[in-house]
Amino acid sequence: MSVAPFANYRSAATKPSRSPPPATLGVATAPQGRGIARVLHALALLVYVGGAAAEDIQSPLGLPPVPAKVAGTPAMRRLGEKLFFDRSLSANGTLSCAMCHIPAQGFASNQSALSIGMEGRSLRRNAPSLYNVAFKKFLFHDGREPDLAAQVWGPLLAADEMGNAGIGPLVARLRADADYGPSFEASFPGEGATMMTLGRAIAAYEAALLRGGGRFDRAVYGGERAALTPQEWKGYELFTGKAGCAACHAIGAETALFTDQSWHNTGVAFRSGATGGKRLVQLAPGVLQHVDLAAVGLAQTGAPNDVGRFEITNAPTDRWAYTTPMLRGVSESAPYMHDGSLRTLAEVIEFYDRGGGANPSLDPKIRPLELTPDEKAAIVAFLEAL
Ligand code: HEC
Ligand code: HEC
């Protein structure tokens, strides 16, 4: 376990009542009783994910109910939390999920544009935030994985991430472990630790990382107009109006996930991972250092080419297309975009204002916006309120 470096993280999944959760991140343990609205949410979600809502997770204002399929039980969530922070899940005991998805950094990584994996190898993409990931229909920047429990095996097995050589040895070790063996058996009676239950436990923990009920939600869904400042309201009007952001970062009538569950080519430029012969290497959780590439013989020398969704479908229209990220808590998870190439929200707005990155298959919704400096500042203020 490597919980210590993340001491400021309040585990909403295990301590719902003792410490009040931060304004916008919360998981409760009682079913929510908002009458007709709740029924409507449930019906909408039934169509949306084709499954029932979790009984014991209360979604905060502005979020739909969590699908029971991913939410699991409180015991699974506790087990999943332990696994998420456990560096011994990686081949050489150095990397946990939480070292790239850092709780205090919006469950992403602020210090590096491209994730840093096993033995300093640089991945070609930025670690996305895990807030509200339970609702995401297509996971990864290219949307290649629809199942949160199955997703877990991606990083566990990738040679440049957690580097496990195979599924069997890791599962066998967990089954034999004096602590994990009985925990798995208690959470999944009759099954114990298996390839599937490992994924389901971690997915259950991730499904509880709900971000909602903040100032935006109180203002837009709770009728509390004063919860947003006039400048933030102006940003909201631009986001849903002139700037056209909500065409992709969708805001619904009852809830908002800020994604259309699809992918688009916004023209974020291809970016090489190598910078001046130096590479950021993670020496211990949160301890990063620039090291000469020559000194890390195993590291790659540049990010491999990335053509996004095209790699999955081979459809020319999917070239350079990436999934639309959910923007809740976005002020915490800089840098931005699949390659971490934009450092601040102000840079993101400049990027959109220019009309994105010109290329032959740019999404037609991306166009020069001609925003004034005041308008740009208002959109940034709005994003910071999410
Ligand atoms: C070395 C850094 C690193 C580690 C370790 C890591 N991840 Fe990730 N994670 C990433 C990156 C980078 C991506 C995006 C990859 C892509 O899109 O191809 C990602 C994507 C994801 C996604 C998809 C999110 C979305 O919005 O689509 C989930 C879920 C996730 N990781 C969970 C985990 C879990 C669970 C673990 C531990 C078993 C883990 N990650 C370990 C870097 C990491
Ligand atoms: C055509 C659909 C579309 C429109 C319109 C759009 N976005 Fe995006 N947005 C995306 C996609 C797709 C990405 C991810 C691109 C990538 O990873 O390379 C993204 C990424 C972002 C990010 C980075 C999030 C992160 O976690 O890295 C922010 C912030 C953002 N958009 C805000 C906005 C704002 C503000 C507007 C309006 C000015 C807007 N978007 C308009 C599709 C869109």
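Brief remarks follow.
- Screening the candidates 152, 133 for the property of being within 12 Å of ligand 1 (Cβ to nearest atom) and not assigned by TED's automatic domain parsing to the domain that holds residue 53 yields one hit, 133.
- Where a residue in the stretch 239-250 is touching a residue at least 40 places away in the same chain (Cβ under 8 Å) and outside any helix (DSSP H, G or I) and its partner, wherever it lies, is away from ligand 1 (no atom under 16 Å from the Cβ) and of a type in the set (A, V, I, L, M), with Cβ under 6 Å and at least six apart: 243/369
- Restricting attention to the stretch 351-367, the residues being more than 15 Å from residue 247 (Cα to Cα) and either loosely packed, with under 13 Cβ neighbours inside 10 Å or not assigned by TED's automatic domain parsing to the domain that holds residue 234 (or both) number 2.
- The one condition in (1) closer than 30 Å to residue 341 by Cα; (2) more than 9 Å from ligand 1 (Cβ to nearest atom) that residue 96 fails to fulfil: (2)
- Among the residues of the stretch 321-367, those identified as within 15 Å of ligand 1 (Cβ to nearest atom) and in a strand (DSSP E or B) are 321, 322, 323, 336.
- Residues that are of a type outside the set (Gly, Ala, Ser), surrounded by 13 or more Cβ atoms within 10 Å (Cβ to Cβ) and modelled with pLDDT of 70 or more do not occur anywhere in the stretch 275-291.
- Within the stretch 70-83, at least one residue is under 23 Å from residue 160 (Cβ atoms) and either surrounded by fewer than 21 Cβ atoms within 10 Å (Cβ to Cβ) or near ligand 1 (Cβ under 10 Å from one of its atoms) (or both).
- Looking only at the stretch 84-99, and only at residues there that are over 17 Å from the mean Cα position of the chain (by Cα) and in a loop (DSSP other than H, G, I, E, B), the one that is surrounded by the most Cβ atoms within 10 Å (Cβ to Cβ): 95
- Residue within the stretch 377-386 that is more than 16 Å from ligand 1 (Cβ to nearest atom), surrounded by fewer than 15 Cβ atoms within 10 Å (Cβ to Cβ) and not charged (D, E, K, R) present: no
- Residue within the stretch 167-181 that is on the phi > 0 side of the Ramachandran plot and not in a helix (DSSP H, G or I) present: no
- Being closer than 19 Å to residue 89 by Cβ and in contact with a strand residue (DSSP E or B) (Cβ under 7 Å, 6 or more places away or on another chain) holds for only one residue in 158, 150, 127, and it is 127.
- Within the stretch 222-232, the residues that satisfy the criterion of being in contact (Cβ under 8 Å) with a residue 24 or more places away in the chain and not in a loop (DSSP other than H, G, I, E, B) are 231, 232.
- Of the set (1) under 22 Å from residue 71 (Cβ atoms); (2) surrounded by fewer than 21 Cβ atoms within 10 Å (Cβ to Cβ), all apply to residue 178 but (1).
- Hits in the stretch 100-116 - residues which are of a type outside the set (A, V, I, L, M, F, W, C), away from ligand 2 (no atom under 12 Å from the Cβ) and surrounded by 23 or more Cβ atoms within 10 Å (Cβ to Cβ): 101, 115
- For the stretch 61-69, the count of residues that are at pLDDT 95 or above, in contact with a His (Cβ under 8 Å, 6 or more places away or on another chain) and buried (at least 22 other Cβ atoms within 10 Å of the Cβ) is nonzero.
- Residue 126 within 15 Å of ligand 2 (Cβ to nearest atom) and either buried (at least 23 other Cβ atoms within 10 Å of the Cβ) or among the acidic types (Asp, Glu) (or both): yes
- Scanning the stretch 192-249 for residues that are of a type in the set (Lys, Arg) and surrounded by fewer than 21 Cβ atoms within 10 Å (Cβ to Cβ), we see that the one that is nearest to the chain's Cα centre (by Cα) is 215.
- Test: residue in the stretch 173-193 that is out of contact with any helix residue (DSSP H, G or I) (no Cβ under 6 Å at 6 or more places or on another chain) and within 16 Å of ligand 2 (Cβ to nearest atom): no
- For residue 119, the conditions (1) at pLDDT 90 or above; (2) over 30 Å from residue 314 (Cβ atoms) all hold with the exception of (1).
The values are calculated or read from the model by the stated rules, or taken from the named source; none is laboratory data. Bear in mind that the values here come from a model prediction, so they are computed numbers and not experimental data. Quick reminder, even Gly has a Cβ in these numbers, built from the backbone with ideal geometry, and neighbours come from all protein chains shown.
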